[in-house]
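Take a look at the structure below.
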2 protein chains.
Amino acid sequence: MTKVKESSTNQASRKFLAECDLTHAVRLMSGRWKLPILYLISKGQNRFGMLKKVIPNITERMLTLSLRELEDDGLITRTVFAEIPPRVEYALTEIAMDLLPICDHIRHWGLKHKQSIIFTD
Amino acid sequence: MTKVKESSTNQASRKFLAECDLTHAVRLMSGRWKLPILYLISKGQNRFGMLKKVIPNITERMLTLSLRELEDDGLITRTVFAEIPPRVEYALTEIAMDLLPICDHIRHWGLKHKQSIIFTD
DNA sequence: TATGATACATACAAATTTGTAAGTAATGAC
DNA sequence: GTCATTACTTACAAATTTGTATGTATCATA
């Protein structure tokens, strides 16, 4: 969620893990607000103000940071319109749209997992 | 990776997000070493020492913490044998095995994403 | 000239995750 | 009695992520 910092074991293993396609992918989804944002954009909530309204608890700062990261990771595009007051629209990229059906699988598994825990504890 | 701390906005939104099956699921996979560990256990690397050997860069502390969390989350089981030197074996739970095919999807998407970035930058 | 609307930016602080270094416990082999 | 083996634990520190509070820019409208 921030810039690259100094070199360290931390950075080294991050790089190492990025070589694996799986951990690379999971890292892209890993910010707290990333997937909610992606999902909502796909549902038409494609402006800063809209997202702010529909995501409870998110702060403007985190919304900004998350949008920037999603953009840097090639998951959303950002279009600025030369209007006042400003208008900026976000949209999913193709690769992000490919992620949506996988998210359905993950969501389904998440529910199953919740239920499996109820019956185990 | 640690205990529950004081109440805060942070905790509040974590709880909120856990209500969503998708973010709940992603959170389970989100530790840096979680999926590598799960994968390796599924491939027969089911002891502490084995995992330590085959996962470059991981520290004993992180391995311990990750294994504990996976256990707490119901993704692996831990079996202690009454031997000296100690022998402890880990195994995937059923719900964790259900995750494996989904991981294949995610991995495949991760590769596609990497390629999409190469051709865009 | 002041206000509102929109989409941010910035300085700072708290919470969380990850890493470093050293130590523990049990016991059979030497 | 010392050592090796295995699977950890603990105190501490660094790095990363998330949150709080406040400020900025533009221009049309009142």
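The values are calculated or read from the model by the stated rules, or taken from the named source; none is laboratory data. If you're wondering where the values come from, they're calculated on a predicted model, not measured in any experiment. Because the Cβ atoms are built from the backbone with ideal geometry, glycine has one as well, and the counts that use them run over all protein chains shown. These area figures cover heavy atoms from the full protein model, side chains too; ligands, DNA and RNA do not enter into them. Shrake-Rupley method; radii C 1.70, N 1.55, O 1.52, S 1.80 Å.
General remarks:
- Within the range A:89-102, the set of residues being surrounded by fewer than 19 Cβ atoms within 10 Å (Cβ to Cβ) and part of a helix (DSSP H, G or I) comprises A:94, A:97, A:98, A:100, A:101, A:102.
- Sole exception among (1) open to solvent by less than 50 Å² (accessible area, probe 1.4 Å); (2) of a type in the set (A, V, I, L, M); (3) free of Cβ contacts under 8 Å to residues at least 40 places away in the same chain; (4) outside any helix (DSSP H, G or I) for residue B:84, by number: (1)
- Search result, residues across the range B:103-121 that are part of a helix (DSSP H, G or I) and among the polar types (S, T, N, Q): B:115, B:116
- For residue B:41, the conditions (1) of a type outside the set (Ser, Thr, Tyr); (2) within 13 Å of the chain's Cα centre (by Cα); (3) within 14 Å of another protein chain (Cβ to nearest Cβ) are fulfilled apart from (3).
- Between A:50, A:62, the distinction of being more than 8 Å from chain B (Cβ to nearest Cβ) and farther than 25 Å from residue B:31 by Cβ belongs to A:50 only.
- Consider the range B:64-85 and keep the residues that are modelled with pLDDT under 95 and near DNA strand D (Cβ under 10 Å from one of its atoms). The one that is nearest to residue A:115 (Cα to Cα) is B:83.
- Positions within the range A:49-66 being crowded, with 18+ Cβ neighbours inside 10 Å and assigned to a helix (DSSP H, G or I), in sequence order: A:51, A:66
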